[in-house]
1. Any residue in the range 37-58 that is in contact (Cβ under 8 Å) with a residue 60 or more places away in the chain sitting within a Cβ distance under 8 Å of a residue that is acidic (Asp, Glu)? List the pairs, counting only those 6 or more apart or interchain.
2. Condition check: within 22 Å of GLN95 (Cα to Cα) and either open to solvent by less than 30 Å² (accessible area, probe 1.4 Å) or modelled with pLDDT under 85 (or both). Does LEU138 satisfy that?
3. Could you please give the count of residues in the range 66-82 that are part of a helix (DSSP H, G or I) and surrounded by 21 or more Cβ atoms within 10 Å (Cβ to Cβ)?
4. What do you reckon, is PRO99 assigned to a loop (DSSP other than H, G, I, E, B), within 20 Å of ARG155 (Cα to Cα) and modelled with pLDDT of 90 or more?
5. Restricting attention to the range 34-54, which residues are modelled with pLDDT of 90 or more and in contact with a Pro (Cβ under 9 Å, 6 or more places away or on another chain)?
6. So, in the range 83-101, of the ones that are hydroxyl-bearing (Ser, Thr, Tyr) and either open to solvent by less than 10 Å² (accessible area, probe 1.4 Å) or touching a residue at least 60 places away in the same chain (Cβ under 8 Å) (or both), which residue ends up nearest to THR63 (Cα to Cα)?
7. Quick test for you: out of VAL88, VAL117, pick the one residue that is in contact with a strand residue (DSSP E or B) (Cβ under 9 Å, 6 or more places away or on another chain), hydrophobic (A, V, I, L, M, F, W, C) and at pLDDT 90 or above.
8. Check SER65, SER53 and return the single one that is more than 25 Å from ALA164 (Cβ to Cβ) and of a type in the set (Ser, Thr, Tyr).
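The values are calculated or read from the model by the stated rules, or taken from the named source; none is laboratory data. Since we're looking at a predicted model, the values are computed, not measured. FYI the Cβ positions are ideal-geometry reconstructions off the backbone, even for glycines, and counts take in every protein chain you see. Just so you know, the surface numbers come from the protein's heavy atoms only, side chains and all, with ligands and any DNA or RNA stripped out. Shrake-Rupley method; radii C 1.70, N 1.55, O 1.52, S 1.80 Å.
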Amino acid sequence: MPTIENYVEAVRNYYSSERPFGAVGVPELEFYQRLLDASTSGERSIVLGPPGSGKTTMLDHLTLSFALTGAAIPVFIPVRQYSTTLTVLIDRAIQRFTPTLDWDGMHLLAQQGPRLVFLIDAWDEAPPFFEQRITDELHALLDSHPESSVVITSRRELRTDVSAGWARYII
């Protein structure tokens, strides 16, 4: 039976391996630490920056930090792979590390352990005709997990109200 511990260990092993972002480093350590602290405390944030500015690398580092410290359960979600529903995308993100665990199982297990942190990469790469739908799905997800943190990255301001009232960071 899969557990949160199995999942977090698989995430930790993956992000601790010889990955290119380890050599690249974190964009602006002070910025990264502020975002890590904010995410640890339950803040919801959006990070905006031009292509190549380190947004995905920063999410990789946040994922590893949460997996190492146990402060939250990291779920890295690449929006560019969105095609049907957010739940299907989250299932794929989880099953990448623990093939026998899905969102329903993670949701149940997470109720007894650390909170979730959703690290959502490249929001701007969602097809425009899906953007409102994925926004609505994210709002529903966060309504069911009000204690969860979220960090969204995007190259530009969002066309939907997904991040209204959230902290904004610019790389």
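1. Note: pairs meeting the criteria are GLY42/GLU147; LEU48/GLU157; LYS55/ASP121; THR56/ASP121.
2. yes
3. Looking only at the range 66-82, we keep the residues that are part of a helix (DSSP H, G or I), and these are 66-69, 79-81.
Add one more test, that the residue is surrounded by 21 or more Cβ atoms within 10 Å (Cβ to Cβ), and what stays is 66-67, 79.
Number satisfying all stated conditions: 3.
4. Here the answer is no, as PRO99 does not meet what is asked.
5. GLY49
6. By that ranking, first place goes to THR98.
7. Details: VAL88 fails: in contact with a strand residue (DSSP E or B) (Cβ under 9 Å, 6 or more places away or on another chain).
Only one candidate qualifies: VAL117.
8. Values: SER53 fails: more than 25 Å from ALA164 (Cβ to Cβ).
Going through SER65, SER53 in turn, just one is more than 25 Å from ALA164 (Cβ to Cβ) and of a type in the set (Ser, Thr, Tyr): SER65.
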